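Since every read-out is calculated from the coordinates, none of them should be taken as a lab result. None of these values were measured; they are calculated from a predicted model. Note that we place each Cβ from the backbone using ideal geometry, even for glycine, and neighbour counts take in every protein chain shown.
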Amino acid sequence: MASRDGGQLLAGGANPASNEAVPLVIASILPTYGSTGVHTHIWQLRGYLDGQGISSTLLTSFSWGGLLTRALFAVRLILVRVSGGASVFWYRHWHEFILRMALRRHLARLGDCVIYAQGPLEARAALRARFGRHQRVVMVVHYKVSQADEWANTSHSTIKRNGRVFRWIRRMERDTIPQTDGVVYVSQWARSAVQSWLPEAAAVRSAVIGNFVALMPAQPGSGPMADLVTIGGFDTVKNHRFLLEVLAEAKRLGRSVSLDMFGDGPLRGELTSLRRSLRLDELVRFRGFRPDVRDYLTGYRAYVHASYSETSSLAIMEAMAAGLPVVVPNIGPMPELCTDGIEGRFWPLDDPAKAAAILLELLDDDAALRAAADASSKRFRRDFDAKVVGPRLYAFLMASHSSGELHSMRR
């Protein structure tokens, strides 16, 4: 792909003749360590950069303020019992404020740089903290449609859809995103979802650069292995209930298919009760959250996923890195991650009996399983390996600092 000044772009979009590396600052309202996809995205990027000898700085809403920060955040624990909307407002306001203070202090010591904001709130903090356009702000879209929708769609639904706080978040995103110097979308679906309600975002220089993980050496499975494995927080949107219903349907057909579930969350108790009522106690194990879950994937027969909604899925990428066939719903960005009949199978989320039939058909065909496993490994190395995607993301970020005319990047 050629840039408008005639130079030849690298895989990520940087023109080495005109773009020198500048300091990269990663901004997030989340604590440094955690189990979210955003945490994984940050640490996979930093791991790739470290491997290339490229330094980066991570600033969070816990990088400034000390005890004051913790006191302000603790107030939300009281507010959430009184008003979900007020607690969300408090959370967002003070996380942004403290991140902005941390950025302001750090950016004062820098000249040219790129701030990689992990969402609209981080982007606004960076835009307000920077000392000029020489400090570029690039935002990544990890969410679905809008962060307002994220808050409204959680299992505890802390804000009302189209309510006051919902509209406040949407206004902030409408004001902020067009001011950024670049936007990274982790899937084509995410870009379409954002631009469907915020067409102004289309005018911002952008690229679709998927999530990625580093390929790790194959590890032997730990302990007795189940047939299937899944990874994800126990929340409504992850739809673990469906997985149990599928196994119950398989059992009704006389087939005992076992499943290991890695993760934890607010629905742990409900899922435990459902497991008991469906008489799946001997088939389903709750393995809890493990930061080293990738070490446990080798040895399963297939990875299963039932989420209602995704922007991308690092869990599926990790499964493919381990060479597992995948059985997933045909929703959102899933067709960008795998192809039905190639790396695995698509199954319907509204028909557990049909889903069980699809799953059993795959499990009963050893040749198809081996072919899907091989295809998963190949797809991972082509599309999701940090060695392939990391350079594209870093080059796009560095190209954001080009003094020439900004242009739209398309995958």
Determine the gain in length on full extension of the stretch residue 188-residue 286; use 0.36 nm per residue of separation and subtract their C-alpha separation, reporting nm with one decimal.
32.0 nm
Given the chain, what percent of its DSSP beta bridges are antiparallel, to the nearest 5?
5
Nearest 10 degrees, 0 to 90: what angle lies between the long axis of helix 240-252 and the longest principal axis of the chain (Cα atoms)?
20
Gain in length, residue 251 to residue 21, computed as 0.36 nm per residue apart minus the alpha-carbon separation, to one decimal in nm?
77.1 nm
Compute the acute angle (0 to 90°) between the alpha-carbon long axis of helix 366-383 and the principal axis of greatest extent of the alpha-carbon atoms of the chain; round to the nearest 10°.
0
Please give, to one decimal in nm, the separation of the simple spin-label points placed at residue 128 and residue 108, each 7 Å out from Cα toward the Cβ.
1.7
Highest mean packing first, using Cβ neighbours within 10 angstrom, the peptides 274-284, 352-362 sort as 352-362, 274-284
Compute the long axis of helix 120-129 from its Cα atoms, compare it with the longest principal axis of the Cα atoms of the chain, and write down the angle in degrees, 0 to 90, nearest 10.
20
List every residue whose amide H lies under 5 Å from the amide H of residue 345, counting only residues 5 or more places away in sequence or on a different chain, with H placed 1.01 Å from N in the peptide plane.
326, 327, 328
I'd like the FRET efficiency for residue 366 and residue 339, computed as 1/(1 + (r/R0)^6) with the beta carbon distance as r and R0 of 22 Å, rounded to 0.05.
0.60
Long-range amide H partners of residue 298, meaning residues 5 or more apart or on another chain whose placed amide H is closer than 5 Å, are 219
Summing -39500 (n - 2.57) over the DSSP H runs of n ≥ 4 in the chain and dividing by its residue number, what mean residue ellipticity at 222 nm do you reach, to the nearest 500 deg cm²/dmol?
-13000 deg cm²/dmol
Value in Å of the Kirkwood radius, where the chain supplies the Cα pairs that are averaged
22.5
